[in-house]
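Heads up, the thing below is written out as structure tokens.
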Amino acid sequence: MSDRPQDPRHRRGLELMNEIDPADGQRKLDDFAGIAPDLGRFLIEFVFADIYSRSVLSLRERQFVRLSALAAMGIGDAPMRANINSALNVGLAASDIAETFIQCLPYAGFPRVINAMEQLKAIVEERSGQG
């Protein structure tokens, strides 16, 4: 997976990624290892070590920002699902996520918010054994 495990920045990013969503994070790294290993390094070192580990926002608050940005951009499917799962993994309730999407309505519009809500609904059903 990585040739940089001793680098403190890399280690810090990997630890945070594993705290947020170990299965999906590792899957992403594995998926791109053969074709674009640098993408995994950027994800770990830039996104997780440099951005997500900053101390101003809590991990919970960061999830609201991530989900809002994805909903506003109309990002669906795998990225939205991964981020919804991450948010649930760090303690957000489905109702917190639903309200986050509702707050995006004036900025993102109904089609994008409905898409996000559909992703949330599917994940909640999967996690409860209904999907």
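The values are calculated or read from the model by the stated rules, or taken from the named source; none is laboratory data. Predicted model, so just to flag it, every value in this text is computed and none were measured. Heads up, the Cβs are rebuilt from the backbone with ideal geometry, glycines too, and the neighbour counts pull from every protein chain shown.
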Count - residues of the range 52-66 that are under 20 Å from residue 22 (Cβ atoms) and either in contact with a His (Cβ under 9 Å, 6 or more places away or on another chain) or surrounded by 12 or more Cβ atoms within 10 Å (Cβ to Cβ) (or both): 7
Contacts under 8 angstrom Cβ, first residue in the range 9-31 being closer than 16 Å to residue 50 by Cβ, partner among the basic types (Lys, Arg), 6 or more apart: 10/4; 10/41
Hits in the range 67-98 - residues which are crowded, with 19+ Cβ neighbours inside 10 Å and of a type outside the set (A, V, I, L, M): 83, 86
Counted residues, the range 58-97 - those being within 14 Å of residue 120 (Cα to Cα) and among the acidic types (Asp, Glu): 2
In the range 104-120, the residues that are surrounded by 15 or more Cβ atoms within 10 Å (Cβ to Cβ) and free of Cβ contacts under 8 Å to residues at least 40 places away in the same chain: 104, 108, 117, 120
Single unsatisfied condition, residue 42 versus (1) aromatic (Phe, Trp, Tyr); (2) at pLDDT below 95; (3) not assigned by TED's automatic domain parsing to the domain that holds residue 15: (3)
